[in-house]
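The values are calculated or read from the model by the stated rules, or taken from the named source; none is laboratory data. These figures come from a predicted structure and were not determined experimentally. Don't worry about glycine lacking a Cβ; one is built from the backbone with ideal geometry, like all the others, and counts go over all protein chains shown.
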């Protein structure tokens, strides 16, 4: 366990990009369909049971939720999408906020996309991938709930999803992940370390 992430604390929630923390330093955003286990993944990665809010009702995260890793680094929990039963007007507002965040946020170094291994590459997942492509943002995909499948089936799902990503132009990596069995946490930390410039601060390369 990388002790840096165990120090992560809640910073603030922003209903719109204009209320986000100052656009400086480095941050990584976690995105995913509302029932993909995004909050559970954040909690597992930070070794904190209740850092990100989990619920039996998917889609409760309706704002940009910022967590402070240290003075120059943040993790962002993006609104769950695709499953939440909310009015169309709210979904449209979410989409505009997400598009603005992806395209304007200079400190955003990459997107950590969580997909349920049993239902990967939905239309909603593909929309997130298209946004990363358009904004030239590095992408890392974690196939969550890997413990729900046998080892062979999980590896097959990983290979199949990797093959579907061959046409994506942005840098992309993929892994298996299980919050309950704590599978893939070290690999997730390696991605975060790279994007958050752990081990040496440098100026963010992502530009508008």
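A few points about this structure:
- Of the residues making up segment 26-72, those that are within 17 Å of residue 101 (Cβ to Cβ), at pLDDT 85 or above and in contact with a helix residue (DSSP H, G or I) (Cβ under 8 Å, 6 or more places away or on another chain) are 26, 28, 29, 30, 31, 32, 64, 67.
- Residues of segment 127-148 that are surrounded by fewer than 18 Cβ atoms within 10 Å (Cβ to Cβ) and in contact with a helix residue (DSSP H, G or I) (Cβ under 9 Å, 6 or more places away or on another chain): 127, 134, 147, 148.
- Failed item, numbered, when residue 147 is tested on (1) at pLDDT 95 or above; (2) farther than 17 Å from residue 45 by Cα; (3) over 18 Å from the mean Cα position of the chain (by Cα): (2)
Residue-by-condition table, conditions (1) modelled with pLDDT of 95 or more; (2) more than 25 Å from residue 136 (Cβ to Cβ); (3) over 17 Å from the mean Cα position of the chain (by Cα):
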{"site": "81", "(1), (2), (3)": "no, no, no"}
{"site": "91", "(1), (2), (3)": "no, yes, yes"}
{"site": "102", "(1), (2), (3)": "no, no, no"}
{"site": "111", "(1), (2), (3)": "yes, no, no"}
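- Unique residue being at positive phi and either within 14 Å of the chain's Cα centre (by Cα) or free of Cβ contacts under 8 Å to residues at least 60 places away in the same chain (or both) when the list is 184, 152: 184
- Filter pass, residue 98 being surrounded by 14 or more Cβ atoms within 10 Å (Cβ to Cβ), at pLDDT below 90 and under 16 Å from the mean Cα position of the chain (by Cα): yes
- Residues in segment 155-181 that are within 29 Å of residue 49 (Cβ to Cβ), part of a helix (DSSP H, G or I) and under 19 Å from the mean Cα position of the chain (by Cα): 2 in all.
So that you can scan it fast, the table gives a plain yes or no per residue for (1) farther than 25 Å from residue 74 by Cα; (2) in contact with a strand residue (DSSP E or B) (Cβ under 7 Å, 6 or more places away or on another chain):
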residue	(1), (2)
127	no, no
160	yes, no
187	no, yes
190	no, no
198	no, no
